[in-house]
Structure formats: structure tokens, C-alpha cells
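The values are calculated or read from the model by the stated rules, or taken from the named source; none is laboratory data. Quick caveat: nothing in here was measured; it's all calculated off a predicted structure. FYI the Cβ positions are ideal-geometry reconstructions off the backbone, even for glycines, and counts take in every protein chain you see. Ligands, DNA and RNA are stripped out before the accessible areas are found, and what is left, the full protein with its side chains, is counted by its heavy atoms. Shrake-Rupley method; radii C 1.70, N 1.55, O 1.52, S 1.80 Å.
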Amino acid sequence: MSASGGTKAIVAALAANLAIAVAKFVAFLFSGSSSMLAESVHSLADSGNQGLLLLGGKKAQREATPQHPFGYGRERYIYAFLVSIVLFSVGGMFAIYEGYEKIKHPHPIEAWYWPVGVLVFAIIAESFSFRTAIKESNLIRGGLTWTQFVRRAKAPELPVVLLEDLGALVGLILALGGVGLALLTGDGVWDGIGTLCIGILLIAIAIVLAAETKSLLLGESAGIEDVRKIEAAVVDGETVTRLIHMRTLHLGPEELLVAAKIAVEHDDSAGDVANAINRAEERIRAAVPIARVIYLEPDVYKETAAPNGTDLAKAPESNDH
């Protein structure tokens, strides 16, 4: 995983969530707060999320096989999709059920200092995890806004952890608000309302993550900057005179397939064309190191037969899932 940064953020989030899950469940046992039970399940689900991301990163490192000649890079997308669909949805639906039950059958919160103390501790721990995710994301985010980074990132781990941690912090504030209002009013319904809000929040995040990872699973082209670099690297102005058309596809976050038709002179020898293709491949890999699978087809350029557009023309849309 390029992912040294992604792995660091995942491990930080995993450690925080495991500690928080235990603390929240203990607080639930002492206080009977449904918000605390929903939040403990939420933190447990988040821990499972991080476990899946680490597993996906490990499986993606397997060598290519005859059955899977392009390798297993997309395993990371599959496990990120599982995170969004299964665990977030499970946590969200459980919280909605618990909130509904608590609103229907409210009861006062006992030993209030347990949930309040644990929630404050959890907010502090999640803040450190969120800070780590932000710091690691900033190393690769460049000039993108946070929304653009989440939508355009080819490696799914950091966007997933960022949204997880953001959702966790907002969920903790909702839980603290529900518990606080229940204590102030003596009405346990507020605890149920806070729990219900947590469930809605988790499902909303699940929908966003599902939409983003679905696009990666379907297959995305290279980013516009990489497309421009490849286009500039292909043509040498001597043997390769023009890029006729090109298509790119991410086989994984750090592996790119490039397929292009290039124009050569009609009187070039087979040896000249073969050498030109080899040199063009070297230039492409030097310009974009993740371009590991390259197929170049030589042809004689005919303007009327050349297809319109390349990835460069389509890259801005394709990068926004």
C-alpha cells in the first residue's frame, strides 16, 4: 500500500476504535444509555472496517496468476466497498432500531458520569485519529479540496478512514447531546433521538462511500495530470509522430494500464517501429511510474479514420466518481 500513509491512518483508527468500543460498552452496562450501546456497536463496526482495509491491502499484494494476469490490485476496492455496504449499514440499522425502541420505551439514564466521561474520552481519542488521517491525506492531496480528494482518490483507504473518523466525531457529539438532554430534562426520549440521529448519519456515510467505491470497482481512467504526462511522453517527433487515440484504466490504486494507437511513418522498417515502441514505453514509465502495463499499436495516421478524443478529453469527468 502506498499506503504507508494509508496504513498509518488505518492502524491509528483501529487502535482508537477498539479502546473506545470497550469504554462505550462498559458505560452502556452501567448507565443503560441506548446512545452508548449504539456508539459501542458503531466503534466495533469501525474496528471491523479497518481490519477489512488492512486485509484488502494485504491480498492486493499477491503476484499475478494465469487466471488473474493483471494481478489483484482491485482487492483494495472490493474491501473498501464491503466496508461501506456491510459494516456501516449494519451499524446504522442497529442504531436506528435502538433509537426507535428507546423512543417507544424511554427510561432514565443511570450513573450519568459513565456515558458523559466515556464520550469525552472518545471525542479526544477520535480527534487524534482524525488528525492522523488529515495529516497523511495532506501529503498526497495537493491542491485538491477535501471533497475533490475524496471523489478523485484512486487509493480508497484514506478517504474511507477520513469519512469514518468524521462520522465518528459527529456521532459522538450527537450521542453527547442526546445523553445531555436526557439528563437535563429527565426524559429518556432524548437519548433515543440521539441514537436515531447516529443511525441516519452512518447510513448517509455508507451511501457516499458506496457511490465512490463503486466507480473505482467499475474501472476509472488515469487522472488528467497523468494523462497529459503520458500523452507528452509518447510522441518523440521522429519515429512516433502522433498519438492517434489512447485509453487508460486503473488496475489498482498503484497500477495503470495504458493502451494507445500511435502514428509512425509508412516507410519505417519493422525494426524502427519496434525500437520506437520500446522507447515510448520507457518514456511513459519514466513520466508515470504506475503505468506498468502498456500496449502500443503502430499505425499510419489518417485524419478521417482517427477516432475523436482521448482520455485527456474525458479525464475531468471520469475523475469525479
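Here are a few things to note about the model shown:
- Accessible area of Ser89 (1.4 Å probe, protein heavy atoms only, ligands and nucleic acids ignored): about 40 Å².
- Exposed trypsin sites (Lys or Arg not before Pro) absent: longest stretch of the chain, with sites in DSSP loops and at most 13 other Cβ within 10 Å deemed exposed: 63-301
- Where the alpha-carbon atoms of region 154-283 are placed on the principal axes, they occupy 89, 19, 16 Å, in descending order.
- Looking at the chain, the DSSP beta bridges with both ends there are about 55 percent antiparallel.
- Largest to smallest accessible area among Met93, Met246 [probe 1.4 Å]: Met93, Met246
- Pairwise FRET efficiency - Ile203 versus Glu282, Cβ, R0 = 56 Å, nearest 0.05: 0.70
- Scanning the chain for long hydrophobic helices, with DSSP H runs required to stretch 20 angstrom or more by C-alpha along their axis and to average at least 0.0 on the Kyte-Doolittle scale, returns 4-31, 34-59, 88-104, 113-141, 157-185, 189-218.
- In the context of the full set of protein chains, the chain has a per residue accessible area of 47 Å² (1.4 Å probe).
- Pairwise Cα inverse-distance average, inverted: Kirkwood Rh of region 22-136 (Å): 16.4
- Solvent-free Debye scattering, log10 I(q)/I(0), computed from the Cα coordinates of region 234-301 at q = 0.13, 0.14 Å⁻¹: -0.34, -0.39
- Heavy atoms of Tyr100: accessible area, 1.4 Å probe, square angstrom to 10: 120
- His68 accessible area, 1.4 Å probe, all protein chains in place, Å² to nearest 10: 70
- Building the convex hull from the alpha-carbon atoms of region 46-102 and averaging its projection over directions returns 4.2 nm².
- Cα pair distances exceeding 35 angstrom across the chain, given as percent: 36
- Short-range pairs are left out: with C-alpha atoms under 8 Å and at least six residues apart, the relative contact order of the chain is 20 percent.
- With 22 Å as the limit, the listed pairs Lys214/Lys261; Lys24/Lys59; Lys24/Lys102 have Lys214/Lys261; Lys24/Lys59 beyond it between alpha carbons.
- Once the Cα gyration tensor of region 7-60 is diagonalised, semi-axes √(5λ) in Å: 26, 10, 6
- Charge tally in the Cβ shell below 10 Å around Arg292, where Lys, Arg are +1 and Asp, Glu are -1, Arg292 excluded: -1
- Taking a Cβ cut-off of under 14 Å around Leu37, the surrounding Lys, Arg, Asp and Glu residues balance to a net charge of -3, with basic ones at +1 and acidic ones at -1.
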